[in-house]
Every structure is written in C-alpha cells, then in structure tokens.
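The values are calculated or read from the model by the stated rules, or taken from the named source; none is laboratory data. From a predicted model like this one, the values you see are computed outputs, not experimental measurements. Here the Cβ positions follow ideal geometry from the backbone for every residue, glycine too, while neighbour counts run over all protein chains shown. Ligands, DNA and RNA are stripped out before the accessible areas are found, and what is left, the full protein with its side chains, is counted by its heavy atoms. Shrake-Rupley method; radii C 1.70, N 1.55, O 1.52, S 1.80 Å.
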Amino acid sequence: MAETLRIFVSATKDLEAERAVIGRAVAELPVQIGVEIRRTPARGASYDDIFELIANCDRVYFLLGKDITAPSGAEWHLAWQLERSILPLRSPARLTPAAQEFVRTSLVEWTVFRNGPHLSQIVTLDLVRILNHPTNRYGLTVSELEMLNLHAARIRQSLPPTDGEPGGAEGGGVLLDAINRDPVDGVLLET
C-alpha cells in the first residue's frame, strides 16, 4: 500500500509567504500522490501539539529569514530530537545577531535560496529525490518515476550555474586603461 508523503514546513515570521511556494512545488509535481503538508497553527500551539505534528514526518523544510522567531526555534529543536530529516533553507537577507548565532550553532550546511522560484526549484528536486525511494514507499509506477525524473531534469536545466568560478565582474578582475598604461612586463605592442 502506498504511503502518504508527510511534510512539515517551519518558517520564520518574515518568510510566511514562502510556505505557499512549497505547496505549489508539491502541486506541480507530474504525479498524483498522497501528500500531507503540516505546520504549527498561526495562532500558536503547545509543545505537545508541535511534537505530534513533527513526530512522523518524512521531511521538515526549515525556512530561515533575517531573524529566528517563535515557534520556529522550538520546531527546529523538536525535529532534531525526533531525528526527522531536515532541509535547512535560508533567504539571502542580512541576518540579525540572534539568527547569525542560530546558524553558527546549528552545525549544518544551509542552502540559500534567492527568491520564490529558486526555492521552488530546490524543493522540487528534493521531493523528486524523496519520491525515488528505493523501496517505492509512495507506490509510484515506472512511468510515473520516469515523468518525475524528466521533470527534475527540466528543473536542473533551468537552474543558473553554481559550480566553478563566477564569470564577469562577479569573479573579480583588473581593468586596464589601454591608452595610458605602461607595460607591466615586456614590450607594449600597439594595435
């Protein structure tokens, strides 16, 4: 019997809108599967309620903005205590001192997303990896797995390159005035 994919989305208060990006990424998958997306209610919840929401999730997406805010800190610690699979994501916003300390003490590698579409790409690729489970926990057919992998390939092609040295001015450089400069070494050739 196919299992339901259970996702918990934790977000700091300034990234509330980015929660919807994860829901859209799930909806845009080219396969029909059972998915449950959980979160702590906006009006708050007790520690036990948060525990119940996180306890049997397959994946926790943790979205960190410029500051660590309640209840995201409690959600982070509970997810670690319960040994849930966490994907730590953060916006490129300048971090407050509290958020800097949180990132420093988390001892994990954070994935920085530039904007909503980039977050969607990261989450989609992660979901495809999860759904390609070796024991086929989610009951996908071979053709559905092929559709998922084609979808992931299209997403990968649309990602901007991140490997290697940045090009253009991003990689740094030296600009020389071709008219008023002495040769550094050798003979200046006029063109």
Query raised in the report: Given a Förster radius of 30 Å and the C-beta distance between Ala70 and Arg156 as r, what FRET efficiency does 1/(1 + (r/R0)^6) yield to the nearest 0.05?
Result: 0.25
Report task. On a C-alpha basis, how far is the centre of the range 1-48 from the centre of the range 89-129 in Å? Whole number, if you could? Result -> 16
Query raised in the report: For Thr69, which sequence-distant residues (separation of 5 or more, or a different chain) have an amide H within less than 5 Å of its own amide H, given hydrogens modelled in the peptide plane?
Result: Lys13
Report summary line: Share of accessible surface on carbon and sulfur in the range 5-158, whole %, 1.4 Å probe and ligands ignored, is 54
Query raised in the report: Given a 1.4 Å probe, how much area per residue of the range 5-158 is accessible, in Å²?
Result: 53
Requested in this report: Take the alpha-carbon positions of the range 17-121, form their convex hull, and give its projected area averaged over all directions (one quarter of the hull surface) in nm².
Outcome: 7.1
**Report entry** Cα pair count fraction exceeding 20 Å, expressed as % - the range 2-69
**Finding:** 31
Query raised in the report: ³J(HN,Hα) across the range 131-146 via Karplus (A = 6.51, B = -1.76, C = 1.60, θ = phi - 60°), whole Hz, x for Gly/Pro?
Result: 5, 7, 4, x, 9, 6, 4, 9, x, 7, 7, 4, 5, 5, 5, 5
Query - Residue-level accessible surface for Asp14, protein heavy atoms, 1.4 Å, Å² - result: 70
Requested in this report: Report Arg84's accessible area, 1.4 Å probe, all protein chains in place, as a number in Å² to the nearest 10.
Outcome: 70
